[in-house]
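Visitor: I am attaching a structure below and will ask some questions about it afterwards.
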Amino acid sequence: MQESIFTTLILPIALALIMLGMGLSLKFEDFQRITKYPKAVAVGLFSQIILLPIIGFVITKIVPMPPAIAVGLMIIAISPGGVSSNMITYLACGDVALSVTLTVFSSIITIFTIPILANLALNHFLGQSAAIALPIGTTMGQIFLITIIPTAIGMYIQYKFPELARSLEKVTSRLAIGFLALIILILVIREWSRLPEFILQAGAGVVLLNIFSMTAGFVISKLLKLSPPQQICVAIEVGIQNGTLAIAITAGMLGNQDMAIPAAIYSLFMYMTGFGAILYGKSLSKTASV
């Protein structure tokens, strides 16, 4: 498969499908939730938009890794929450309404923050060699086209044709999972000879980023006295990142396969911790109901 097909066709289609699926599950009332529990939304967005990049940056300074891998790790840290977080939050008996709200708002906010923070990461880790820096305006436009537009289309279909939306949501969710698996498979096949090296270089950083971010989200939520379902939601929302978008930025917009490796590894590992969160949430829910 040619690189141009991978970066210009498969990645945008996969990301657009994922965001379309999210839009199909949304209603306009979902945007009003921010006024119903502003504290929980503020805690979640702070953890996602500010705390997570700080954790990522600290990890790149503690764990030895090549500059390209460090940039890839930072791209994951500055990406919005993944739509899988809604499903995992539901299975973990967390606050699903809050999860949807955080996913939507983090996706909107990161349209503006990703180009700025990505350029800072490129300049910091690659210095003068960062000739591939992202043009801020163009990048905002590209992210808007492949994230917000499909979400808006999905919401419109949900509003006008709710029955059709329910049917399409099942199809798009399966296709999205299939596309993500295909993207990771393509990266693994392409970099097979260097995969052990990449795992050594990026594995520790990816694991630490995922575990520390989920733990930080949970601890902050607990300290600020959010309800247990909200605590579970924030932890999952901060830990389950939009890996497809991170791969689209690194392999597509930046054209660097090495930078995409952390996102590919993260996209696999985050489901392991997500499964752990589901077990914890279910046990907590059973305890509370006794």
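Visitor: Report whether or not residue 187 is crowded, with 22+ Cβ neighbours inside 10 Å, closer than 26 Å to residue 126 by Cα and modelled with pLDDT of 85 or more.
Guide: No: the conditions fail for residue 187.
Visitor: Any residue that is under 30 Å from residue 286 (Cα atoms), out of contact with any strand residue (DSSP E or B) (no Cβ under 6 Å at 6 or more places or on another chain) and open to solvent by 10 Å² or more (accessible area, probe 1.4 Å) - is there at least one of those in segment 51-72?
Guide: So far as segment 51-72 goes, no, none of its residues is under 30 Å from residue 286 (Cα atoms), out of contact with any strand residue (DSSP E or B) (no Cβ under 6 Å at 6 or more places or on another chain) and open to solvent by 10 Å² or more (accessible area, probe 1.4 Å).
Visitor: Now, a different point. Would you call residue 261 open to solvent by 10 Å² or more (accessible area, probe 1.4 Å) and among the aliphatic types (A, V, I, L, M)?
Guide: No, not satisfied.
Visitor: Are any residues in segment 221-236 in contact with a Ser or Thr (Cβ under 8 Å, 6 or more places away or on another chain) and either aromatic (Phe, Trp, Tyr) or farther than 16 Å from residue 37 by Cα (or both), and if so, which ones?
Guide: Of everything in segment 221-236, those that are in contact with a Ser or Thr (Cβ under 8 Å, 6 or more places away or on another chain) and either aromatic (Phe, Trp, Tyr) or farther than 16 Å from residue 37 by Cα (or both) turn out to be 235, 236.
Visitor: If you take the residues in segment 73-97 that are modelled with pLDDT under 90 and touching a Pro at 6+ places or on another chain (Cβ under 8 Å), which one is surrounded by the most Cβ atoms within 10 Å (Cβ to Cβ)?
Guide: Looking at residues that are modelled with pLDDT under 90 and touching a Pro at 6+ places or on another chain (Cβ under 8 Å), I get 94.
Visitor: For segment 80-112, how many residues meet the condition of being under 19 Å from residue 56 (Cβ atoms) and outside any helix (DSSP H, G or I)?
Guide: Count: 3.
Visitor: Another question about this same structure. Is at least one residue of segment 206-228 modelled with pLDDT under 80 and polar (S, T, N, Q)?
Guide: No, every residue in segment 206-228 fails to be modelled with pLDDT under 80 and polar (S, T, N, Q).
Visitor: Given the criteria within 30 Å of residue 280 (Cβ to Cβ), modelled with pLDDT of 85 or more and surrounded by fewer than 22 Cβ atoms within 10 Å (Cβ to Cβ), does residue 116 qualify?
Guide: No, not satisfied.
Visitor: Which of the residues belonging to segment 196-231 are within 25 Å of residue 41 (Cβ to Cβ) and open to solvent by less than 10 Å² (accessible area, probe 1.4 Å)?
Guide: Of everything in segment 196-231, those that are within 25 Å of residue 41 (Cβ to Cβ) and open to solvent by less than 10 Å² (accessible area, probe 1.4 Å) turn out to be 209, 210, 213, 217, 221.
Visitor: Kindly indicate whether any position in segment 229-243 is on the phi < 0 side of the Ramachandran plot, out of contact with any helix residue (DSSP H, G or I) (no Cβ under 6 Å at 6 or more places or on another chain) and in a helix (DSSP H, G or I).
Guide: Here is the first cut: in segment 229-243, the residues on the phi < 0 side of the Ramachandran plot are 229-243.
With out of contact with any helix residue (DSSP H, G or I) (no Cβ under 6 Å at 6 or more places or on another chain) added as a condition, the list becomes 229, 242.
If we keep only those that are in a helix (DSSP H, G or I) too, we end up with 229.
Taking every residue of segment 229-243 in turn, at least one turns out to be on the phi < 0 side of the Ramachandran plot, out of contact with any helix residue (DSSP H, G or I) (no Cβ under 6 Å at 6 or more places or on another chain) and in a helix (DSSP H, G or I).
The values are calculated or read from the model by the stated rules, or taken from the named source; none is laboratory data. Values in this document were obtained by computation on a predicted structure and should not be read as measured data. No Cβ is skipped: glycine too gets one built from the backbone with ideal geometry, and neighbour counts run over all protein chains shown. In case anyone asks, the SASA skips ligands and DNA or RNA and just uses the protein heavy atoms, side chains included. Shrake-Rupley method; radii C 1.70, N 1.55, O 1.52, S 1.80 Å.
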